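Everything on this sheet refers to the single structure shown next.
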Amino acid sequence: MIETQNFSRLDTAFATFFSESAPIFEAEKIALKNLLTQLSWAHYQGNTCLKLTAAQTQLLFNAKLASSSENAESILPLHIDEFGHLYLRRYWDYEQRLIVKLREMKRSHSSVSNLEELLDTFFPVLDTEKDWQREAAKCAVQQNFTIITGGPGTGKTTTVVKILAILQTLNTLKPLHIALAAPTGKAAMRLQESITKSKSALQCSQEIKDKLPENVTTIHRLLGAKPPSPYFRYNEKNLLPYDLIVIDEASMIDLAMMSKLVAAIKPSARLILLGDKEQLASVESGTVLADLTQALAENTVELKKTYRFKEEIKAFAEAINTKNAPLAWKISTQKNDVIAHLGDDYLHYLVEKHHDYFHKIKHGAAFEEIYAAFNQFQILCAHREGKNSVSDLNYRLEKALHNEKKIHLASNWYVGRPVMITQNNAALQLYNGDIGLCLHDEKGDTKVFFPRPDGSFQGFSPARLPPCETVFAMTIHKSQGSEFNEVCVCLPDYPQTILTKELLYTAITRAKERIKLVTSEKIFNFTVQASVTRVTGLVSQFQSMQ
């Protein structure tokens with residue numbers, strides 16, 4: 001049962017507006033208002049729809065607020081599908097447009113006579129174990145829509161670069177026009193770095209390598225965002241010009257954005273989604289990637305072999321994913337150099353982990369070295385306020401660093417302050433999630449330096465920056481698309497609904513080498529045993545159309 005104290009003023013206002021004007025009895029209006037309040041609240045929690053009882057369904061029809069499959073063309077604010085799911089009409093439309101377009105794309109298949117020969121070139125058979133990367137390439141070459149999923153370090157980017165090389169080899173007369181994109185600027189930058197690195201190792205001619213793109217953009221820029229409106233330059237009436245579109249970190253994409261993206265793809269184009277279906281779902285409505293991997297299994301390949309992680313991190317992630325709290329806790333408490341718990345004096349450890357960063361600043365190291373030093377270690381928090389939160393740890397760490405004379409808090413813009421952009425600014429090409437470091441430039445002026453996709457750094461006066469915040473610690477949600485040598489995962493001291501296995505899995509898989517934990521066994525077990533549950537209609541709708 002949904003607790004009424006969780007309802008917002010917006011939930012109540014939405015429900016009041018529609019229930020008061022409904023042509024039903026006053027007693028029914030009370031039930032209707034409660035139902036609509038729950039719908040608004042459920043949508044805010046990330047659900048795309050709400051499961052109804054038969055009585056609730058009839059109430060909405062009596063109130064003339066909802067259409068159904070029999071009168072789907074009616075312009076009403078709500079819609080009820082054949083499975084008894086109640087939608088805000090806009091989200092029903094998003095879902096239907098996505099389903100229709102992907103069903104069209106999945107019907108497109110192509111036969112390649114020399115495919116096995118090309119696969120042998122790019123994915124040579126080295127042992128008897130099934131090569132899931134090769135399988136993903138085989139699917140992507142033969143169909144217009146492919147999902148490649150897998151945990152960090154399973155080679156999703158390496159695989160897709162080889163796929164692009166194979167497709168360009170097959171289209172030498174008319175090279176494919178390819179776009180690469182990701183949900184955030186930070187994820188786009190990481191994909192660009194990975195693409196550039198993977199291209200150099202390809203077993204193909206330089207001519208083919210030159211036809212592979214390196215520039216990666218955000219999905220908003222790809223579609224041509226028109227802020228502050230929710231509309232884009234490219235849409236179903238003005239299609240994107242690309243023959244192939246690759247989207248990384250697809251788990252971060254919500255239903256509305258995925259629907260708008262797919263609607264803007266021309267019928268002959270290919271779409272490849274990369275992502276980890278076990279990660280946190282999008283901040284906005286839906287669990288699109290997870291739903292699509294379930295509904296379109298024949299278009300999905302999961303990469304299962306990990307190349308990056310240490311065995312301890314891999315085993316830890318698997319235990320968390322399977323909700324095996326006793327095993328996960330046992331792995332985290334075994335004495336080793338990879339995973340460990342910090343005691344009550346963990347603040348001292350957090351300060352110590354920043355010594356090398358501030359040492360490089362003090363001795364005038366190059367921006368690249370300073371930035372690399374900062375990215376060796378990151379504090380990840382489950383929430384923004386309260387004990388062990390982003391606000392709490394940023395405040396306490398700044399104070400401790402000030403006491404050690406590493407920073408000087410007389411100014412908000414002290415040398416060494418790391419900041420994260422929290423609001424997009426297309427003019428400056430700074431986007432939500434971008435991280436910059438406050439340093440002195442060659443003239444001694446205070447600037448905030450941000451890395452650019454080409455490997456350079458650009459400095460901005462603090463006064464020019466869009467809204468930003470200190471980021472010694474960041475939320476786990478904000479860390480998606482990033483990787484660090486070591487992370488320190490800090491959980492709150494009491495159970496909260498935000499604590500789920502997906503949250504913890506996302507946090508610990510940001511680490512390449514080491515993980516530190518600040519939590520109790522009780523909170524840890526609660527987190528591992530909880531999971532994200534969102535009500536969506538994508539899977540049932542796809543299955544009903546088979």
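The values are calculated or read from the model by the stated rules, or taken from the named source; none is laboratory data. Small disclaimer: the values here were computed from a predicted structure and weren't measured. All Cβ positions, even for glycine, are placed from backbone atoms using ideal geometry, and neighbour counts span all protein chains on display. These area figures cover heavy atoms from the full protein model, side chains too; ligands, DNA and RNA do not enter into them. Shrake-Rupley method; radii C 1.70, N 1.55, O 1.52, S 1.80 Å.
List of remarks:
- Condition met for K186 (buried (at least 20 other Cβ atoms within 10 Å of the Cβ) and of a type in the set (K, R)): yes
- Residues of region 425-437 classified as surrounded by 21 or more Cβ atoms within 10 Å (Cβ to Cβ), in contact with a Pro (Cβ under 8 Å, 6 or more places away or on another chain) and more than 12 Å from Y371 (Cβ to Cβ), total: 1
- Scanning region 61-89 for residues that are open to solvent by less than 20 Å² (accessible area, probe 1.4 Å), touching a Phe, Trp or Tyr at 6+ places or on another chain (Cβ under 9 Å) and not in a strand (DSSP E or B) yields a count of 4.
- Any pair with Cβ under 8 angstrom, 6 or more apart, that starts in region 298-316 at a residue that is within 26 Å of Q143 (Cβ to Cβ) and ends at one that is part of a strand (DSSP E or B) and aromatic (F, W, Y): N299/F145
- When Q279, Q294 are screened for being at pLDDT below 95 and either surrounded by 20 or more Cβ atoms within 10 Å (Cβ to Cβ) or touching an Asp or Glu at 6+ places or on another chain (Cβ under 9 Å) (or both), only Q279 passes.
- The one condition in (1) closer than 30 Å to M105 by Cβ; (2) assigned to a loop (DSSP other than H, G, I, E, B); (3) open to solvent by less than 50 Å² (accessible area, probe 1.4 Å) that G343 fails to fulfil: (1)
- Looking only at residues of region 42-55 that are open to solvent by 50 Å² or more (accessible area, probe 1.4 Å) and within 37 Å of the chain's Cα centre (by Cα), we find that the one that is nearest to L280 (Cα to Cα) is Q45.
- Hey, E284 part of a helix (DSSP H, G or I), over 28 Å from F524 (Cβ atoms), open to solvent by 60 Å² or more (accessible area, probe 1.4 Å) and touching a residue at least 40 places away in the same chain (Cβ under 8 Å) or not: no
- Sole residue being of a type outside the set (V, I, T), over 17 Å from the mean Cα position of the chain (by Cα) and within 21 Å of Q96 (Cβ to Cβ), chosen from A295, A317: A295
- If you go through region 460-497 and keep only what is within 18 Å of Q279 (Cα to Cα), more than 16 Å from the chain's Cα centre (by Cα) and without any contact (Cβ under 8 Å) to a residue 60 or more places away in the chain, you end up with just T497.
- Residue within region 134-145 that is open to solvent by less than 10 Å² (accessible area, probe 1.4 Å), over 30 Å from K310 (Cβ atoms), part of a helix (DSSP H, G or I) and at pLDDT 90 or above present: yes
- Residues (under 25 Å from L503 (Cβ atoms), part of a loop (DSSP other than H, G, I, E, B) and over 27 Å from the mean Cα position of the chain (by Cα)) located in region 320-336: Q334, N336
- Number of the condition not met by L167 [criteria: (1) outside any helix (DSSP H, G or I); (2) surrounded by 15 or more Cβ atoms within 10 Å (Cβ to Cβ)]: (1)
- Output for region 101-131, where each listed residue is assigned to a helix (DSSP H, G or I) and either of a type in the set (K, R) or open to solvent by 70 Å² or more (accessible area, probe 1.4 Å) (or both): K101, R103, E104, K106, E116, E117, D120
- Remark: pairs (first residue in region 100-117, on the phi > 0 side of the Ramachandran plot; second residue open to solvent by less than 80 Å² (accessible area, probe 1.4 Å) and part of a helix (DSSP H, G or I); Cβ separation under 7 Å; 6+ apart in sequence or on different chains) are absent.
- Residues of region 237-252 satisfying the condition of being in a loop (DSSP other than H, G, I, E, B) and either open to solvent by 10 Å² or more (accessible area, probe 1.4 Å) or modelled with pLDDT under 95 (or both): K237, L239, P241, Y242, D243, D248, E249
- Check on E513, touching a residue at least 60 places away in the same chain (Cβ under 8 Å) and surrounded by fewer than 20 Cβ atoms within 10 Å (Cβ to Cβ): yes
- Test: residue in region 425-448 that is within 21 Å of A507 (Cα to Cα) and of a type in the set (V, I, T): yes
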